[in-house]
Amino acid sequence: MITQHAVAIPKEEVANLVFPREAVQLSDDHRQRRDSKIQRAMQLGNNEHGKCRILFKDAEGLKVVETTVWSFDRDNIVLKYGLTIPVSRVLDIEMP
């Protein structure tokens with residue numbers, strides 16, 4: 001996914017963002033790949049304390065945050081300090 005048009009934010013700003021309830025539009029195939037990447041990002045974060053880049057949309061537009069994924073469920077990705085990003089608003093995850 002192209003991240004050059006996304007606004008990079010520090011993870012601490014995630015707490016101040018507003019997320020619409022509707023999901024971003026993804027094909028079923030893309031959604032499955034994204035969900036697999038979320039799982040791998042969590043493993044990277046827990047096993048190696050590695051960071052990933054999460055590309056998502058909030059109410060204002062496209063954003064990207066570089067962070068560690070601590071856990072996730074079907075609704076949210078959990079970051080450090082209990083910050084969350086709704087899975088339904090995530091477009092892609094990039095890992096090293």
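Counting Lys and Arg as +1 and Asp and Glu as -1 over every other residue whose Cβ lies under 10 Å from the Cβ of K11, the net charge comes to -1. Fewest neighbouring Cβ atoms within 10 Å first, the residues L55, L62 line up as L62, L55.
By the helix-only formula, in which each DSSP H run with n ≥ 4 contributes -39500 (n - 2.57) and the sum is divided by residues, the chain has a 222 nm mean residue ellipticity of -7500 deg cm²/dmol.
3J(HN,Hα) couplings calculated from phi for segment 79-96 with the Karplus curve 6.51 cos²θ - 1.76 cosθ + 1.60 (θ = phi - 60°) are, in sequence order, 9, 4, 6, x, 5, 10, 10, x, 4, 5, 9, 8, 8, 6, 9, 10, 10, x Hz; Gly and Pro show x.
With contacts taken as Cα pairs under 8 Å and at least 6 residues apart, the chain reaches a relative contact order of 36 percent.
Considering only N16, N46, N76, the mean-square fluctuation computed in a Gaussian network model of the chain, springs between alpha carbons under 10 angstrom, is largest for N16. The phi-based Karplus calculation (6.51 cos²θ - 1.76 cosθ + 1.60; θ = phi - 60°) puts the 3J(HN,Hα) values of segment 61-69 at x, 6, 9, 9, 9, 9, 7, 9, 8 Hz, whole numbers, x for Gly and Pro. Put simply, the amide H of N76, placed in the peptide plane, has neighbours under 5 Å in V87, leaving out anything fewer than 5 places away on its chain.
Only the coordinates and a few stated rules stand behind these numbers; no lab work does. What you are looking at is a predicted structure, and each value in this text was computed from that prediction instead of being measured. In this analysis, Cβ positions are derived from the backbone assuming ideal geometry, glycine residues included, and neighbour counts consider all displayed protein chains.
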